[in-house]
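Shown next, in structure tokens, is the structure this report addresses.
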Amino acid sequence: MICILLFWLAYSPPVPPPARIAVPRQEHLQHKKDSSVPAHHQKSVVTNSIADHIRRYFGHQTQQNSRSGATDQKINSKQQLARFYAARMFRTVWTKPEMVSELISAIDSAVDDGLNPADYHISEIREFINHPSALPELQARYDILLSDAFLSLASHLRYGKVDPKNLDPNWNINNAVTRSAVEYRLQNAIAKGQIAAVLTDLRPQSPRYSQLRTGLARYRAIAKEGGWSALPEGPTLTEGATDSRIPMLRKRLEASGEIAAQGSDTTSVYSKDMVDAVKKFQKRNGLHSDGDLGAATVKVMNISVEHRIDQIRINLDRFRWFIGDLEPTYVLVNIPDFTLQYVANGHQAWHTKVIVGQPIRETPVFKAEMQYIIFNPQWVIPPTILAKDALPGIQKSISYLSHKKLNVIDQNGTIVDPATLNWSQYTKNNFPYRLQQASGDQGSLGRIKFLLPNKHIVYLHDTPNKELFKKSARAFSSGCIRVENPLDLASHVLQDTVKWNKERITAAVNKRKTSTVTLPRRIPVFILYFTAFADGDDIQFRNDVYGKDAAVLNALNKPLPTF
């Protein structure tokens, strides 16, 4: 009998399952409410359903990314978001209205940091708040949008929106605080409901960042009032001159705050108070502050307020790139400002003028550690100058060597007579000698050199050409950084007021013998690029000497990959 039953089951046609009847959304929800699940478990069921949708979303995204070749930025963002939810077993995050409210306020205020609230889904978040949905899949999307906004904003406040490595492959300044450590802080903030507090803490705490942020608000207020009008070109004005542009000049200076507003002053005399205001403007913009109203000053005055706002936004992001890596004591060179600062225990202890690379031979942006000082250094021609200057100069006239006081040294350290060499056969790739300049007051490195080993072969050094420091724009070198007051810098970085006070440093230099001193502690050196920065309550602007601002602005304004 059993055999017959098995035979019948094996050869009988399969019976199709009963058709599933579509249930309208309201009836479907009512059916779930009336099911055998107790009422006090209904919320748990819905929550679990949302968690399932969140889990499926990230599984689907992983497959989609592998098939579509998604951008690294988009993949990294989704991976961070997936880790964030996986740590919570894909449970919903934004269950408390006050947490959502704090996040929305933080997104709205992102504009004060030069960021765009649209990058953080603000429109879609508000749409969901105004028109909430009961569908678990839409609730899951809403939760993911909020979390993505939270993580993205936190990352941008801490590290910057723009990744400097995408703009400069030589970028080597890595934030000391890892992204995983920040993610851990964000998870704790979620658990404690401290959304506003953690985002405030992640914003750079440097006074200079805060001052630059305040400056952004001030320049936006100027723009809201109409900004300023362009000043016509004309002859250079000195104190006491008469010119029809003076009333326009006063209005221009009133707008940016160099002179107090005085109503309808229509005088055409270039008075002392106007000269002083122009000096203040020139100083704020890195110009020679002589008070003369010439073509260069007028050109900078005619830069629009909108451009200045963009400059501030660009440099707020640049601050976020590196500021987490600062130690209490460091050296900072700002290329567009042509200055060096020595910061000790968090306070600027000293500063000086520097000369940086020409636009065709840029000083690179990087970080290194100063380790040694060489007194009375000899200069060995580096590869770039050898290829672009020295060999072409020698091949044109062998007198180039005597003019530059260069010796030809072979691999054994022996001086070679340059007249015995066939210079036409040599290129940078097959030149078997080194060109070396003896130390001395007229040597290219002057009397002191600061070594910070790096792949760019860039270092800081003295120079015999002191007159160049009188110029306001100082991009004259082949990439290395010339320091106006190197003996003072040496006394700071040697950090020994007894053994290496200024008198002893001068004595070491006056011996005219090459000697190397190891620093008692390595000092970080940041070679950076800021075209806008705070100086107390003032915002200083500098010429974009290497043309780097446009790429940062384009990346800053580029919308994030769609969600």
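For Ile398 and Asn345, what is the calculated FRET efficiency with R₀ set at 51 Å and r taken between the beta-carbons, to the nearest 0.05? The partial results should precede the final answer.
On the way: r = 53 Å, r/R0 = 1.04.
According to the calculation, E is roughly 0.45.
A straight line joining the Cα centroids of the stretch 88-155 and the stretch 156-172 runs 25 Å. Inter-part distance, the stretch 484-548 to the stretch 231-298, computed on C-alpha centroids, equals 35 Å.
Just want the ordering: His53, His307, from fewest to most Cβ atoms lying within 10 Å of their own Cβ.
Working: His53 20, His307 13.
Least crowded to most crowded, the residues run His307, His53.
Residues Arg252, Arg185 in ascending order of nearby Cβ atoms (within 10 Å, fewest first): Arg185, Arg252. Scanning residues 5 or more positions from Met370 or on other chains, those with amide H under 5 Å from its amide H are Ile523, Val525, with H placed 1.01 Å from N in the peptide plane.
For the chain, what does the relative contact order come out to in percent, with C-alpha contacts under 8 Å and a separation of six or more?
Values: 780 pairs, mean separation 88.2, N = 563.
Result for the chain is 16 percent.
The 3J(HN,Hα) values that the Karplus relation (6.51, -1.76, 1.60; θ = phi - 60°) gives for the stretch 292-303 are, in residue order, 6, 8, x, 4, 5, 5, 4, 4, 6, 4, 8, 5 Hz. Gly and Pro appear as x. Sparse packing (at most 16 other Cβ atoms within 10 Å of the Cβ) combined with a DSSP loop state is found for the following trypsin sites (Lys or Arg not before Pro) in the stretch 491-539: Lys499, Lys511, Arg512, Lys513.
If we count GluC sites (Glu not before Pro) as exposed when they sit in a DSSP loop and have at most 12 other beta carbons within 10 Å, what is the longest stretch of the chain that avoids them all? Could the numbers behind the result be given before it?
Numbers: sites that count: Glu225, Glu233.
Answer from the scan: 234-563.
Calculated [222 nm] ellipticity per residue, helices only, for the chain: -13000 deg cm²/dmol; basis is -39500 (n - 2.57) per DSSP H run with n ≥ 4, divided by all residues, nearest 500. Toward the positive end of the charge dipole of the chain, with +1 on the Cβ of Lys and Arg and -1 on the Cβ of Asp and Glu, the farthest Cα among His307, Ala507, Gln341 is that of Ala507.
Fully extending the segment from Lys251 to Leu487, taken as 0.36 nm per residue of separation minus the present Cα-Cα distance, adds 80.5 nm. Work from the charge dipole of the chain (Cβ charges, +1 for Lys and Arg, -1 for Asp and Glu, about the Cα centre) and give the residue of Ile409, Ile539, Gly443 farthest towards its positive end. Farthest towards the positive end: Ile409. As a proxy for reagent exposure, Ser123, Ser271, Ser152 were ordered by neighbouring Cβ count within 10 angstrom, fewest first; the result is Ser123, Ser271, Ser152. A Cβ-based charge dipole, computed about the Cα centre of the stretch 326-550 with Lys and Arg at +1 and Asp and Glu at -1, lands at about 680 debye.
Per residue, the average separation of C-alpha pairs within less than 8 Å and at least 6 apart gives the stretch 326-550 a relative contact order of 33 percent.
Note down the magnitude of the dipole of the chain about its Cα centre, charges +1 on Lys and Arg C-beta and -1 on Asp and Glu C-beta and zero elsewhere, to the nearest 20 debye. Before the final figure, lay out each step's value.
Values: 70 positive and 53 negative charges, 263 e Å.
The dipole magnitude comes to about 1260 debye.
Read the figures in this text as sums done on the coordinates, not as results from a lab. Everything quoted here is computed from the prediction, not taken from an experiment. For neighbour counting, all protein chains shown are included, and Cβ atoms are generated from backbone atoms with ideal geometry for every residue, glycine included.
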